[in-house]
1. Could you please find all residues in region B:76-104 being in contact with a Gly (Cβ under 6 Å, 6 or more places away or on another chain) and at pLDDT 95 or above?
2. Looking only at region B:55-64, how many residues end up being within 14 Å of another protein chain (Cβ to nearest Cβ) and either on the phi > 0 side of the Ramachandran plot or surrounded by 13 or more Cβ atoms within 10 Å (Cβ to Cβ) (or both)?
3. Would you check if residue A:66 is away from chain B (no Cβ under 13 Å), over 23 Å from residue B:39 (Cβ atoms), surrounded by 16 or more Cβ atoms within 10 Å (Cβ to Cβ) and among the β-branched types (Val, Ile, Thr)?
4. Which of the residues belonging to region A:72-101 are more than 10 Å from every other protein chain (Cβ to nearest Cβ), in contact with a Gly (Cβ under 9 Å, 6 or more places away or on another chain) and either without any contact (Cβ under 8 Å) to a residue 12 or more places away in the chain or exposed (fewer than 15 other Cβ atoms within 10 Å of the Cβ) (or both)?
5. Any idea which residue in region A:102-112 is nearest to residue A:2 (Cα to Cα), counting only those that are within 14 Å of chain B (Cβ to nearest Cβ) and surrounded by fewer than 18 Cβ atoms within 10 Å (Cβ to Cβ)?
6. Out of region A:65-112, which residues are part of a loop (DSSP other than H, G, I, E, B) and either among the β-branched types (Val, Ile, Thr) or more than 21 Å from residue A:31 (Cβ to Cβ) (or both)?
7. Let me confirm something: among B:52, B:98, which residue is within 14 Å of chain A (Cβ to nearest Cβ), among the small types (Gly, Ala, Ser) and closer than 18 Å to residue A:45 by Cα?
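The values are calculated or read from the model by the stated rules, or taken from the named source; none is laboratory data. In this text the structure is predicted, and so the values were computed from the model without any measurement. Here the Cβ positions follow ideal geometry from the backbone for every residue, glycine too, while neighbour counts run over all protein chains shown.
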Amino acid sequence: NAGVTQTPKFQVLKTGQSMTLQCAQDMNHNSMYWYRQDPGMGLRLIYYSASEGTTDKGEVPNGYNVSRLNKREFSLRLESAAPSQTSVYFCATIPDGSYEQYFGPGTRLTVT
Amino acid sequence: AQSVSQHNHHVILSEAASLELGCNYSYGGTVNLFWYVQYPGQHLQLLLKYFSGDPLVKGIKGFEAEFIKSKFSFNLRKPSVQWSDTAEYFCAAVSGGSYIPTFGRGTSLIVHP
């Protein structure tokens, strides 16, 4: 099992460009999450999805959109990237009936 | 709203020193507590967890944590740290019935050989 995978690992964007961060899991978990990690700020929840076809805003959703088209995949889209979105993005899942999270390897995004 | 506070933002220790990292949460009901570790350049991974039962929880690599309900605390401890424990440590809480974790801001631990 690959667990939680994320692509790409690194990305550099210019202000105003768009991109989609991909996350996939092979553990058959319903709940999936997108976080951003910034120095001194810990992990902040952007969006989450309790099940296929449902999504909800987290603490810092502005400037992002998400899509949960199937159980495996949960994508995060930046429509018009801004330097404030420079961060490391982590996808995570929680197994049904549990509360511990499984994290992907992260995507390091730089917006210039 | 639930919150998690980690009191130590940066800790620097020498090898063999003892470690205690503080974590307090604000939620008063049933709560599930976690410590995650992030080694340099890697993703977060579970160090230990508390759901119920014995309030002293043992995790991987010799770490343990004690849940003290009256103090709303879940402090992480290790009797003797190693250079390889250099990492960032995150405390997290999930209230019972919710699947939305709340994370602390993290503690950066540097262990000098």
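1. Correct list: B:78, B:88, B:90, B:91.
2. Selection size over region B:55-64: 2.
3. Spelling it out, residue A:66 is indeed away from chain B (no Cβ under 13 Å), over 23 Å from residue B:39 (Cβ atoms), surrounded by 16 or more Cβ atoms within 10 Å (Cβ to Cβ) and among the β-branched types (Val, Ile, Thr).
4. Of everything in region A:72-101, those that are more than 10 Å from every other protein chain (Cβ to nearest Cβ), in contact with a Gly (Cβ under 9 Å, 6 or more places away or on another chain) and either without any contact (Cβ under 8 Å) to a residue 12 or more places away in the chain or exposed (fewer than 15 other Cβ atoms within 10 Å of the Cβ) (or both) turn out to be A:79, A:80, A:82, A:84.
5. Of everything passing the filter in region A:102-112, A:105 is nearest to residue A:2 (Cα to Cα).
6. A:79, A:80, A:81, A:82, A:86, A:112
7. Result of the check over B:52, B:98: B:98.
Each row is one residue, and each column tells you yes or no for (1) among the hydroxyl-bearing types (Ser, Thr, Tyr); (2) more than 28 Å from residue B:4 (Cα to Cα); (3) in contact with a strand residue (DSSP E or B) (Cβ under 9 Å, 6 or more places away or on another chain); (4) at pLDDT 95 or above.
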| site | (1), (2), (3), (4) |
| --- | --- |
| A:6 | no, no, yes, yes |
| A:13 | no, yes, yes, yes |
| A:22 | no, yes, yes, yes |
| A:42 | no, no, yes, no |
| A:47 | yes, no, yes, yes |
| A:51 | yes, no, yes, no |
| A:61 | no, no, yes, yes |
| A:64 | yes, no, yes, yes |
| A:74 | no, no, yes, yes |
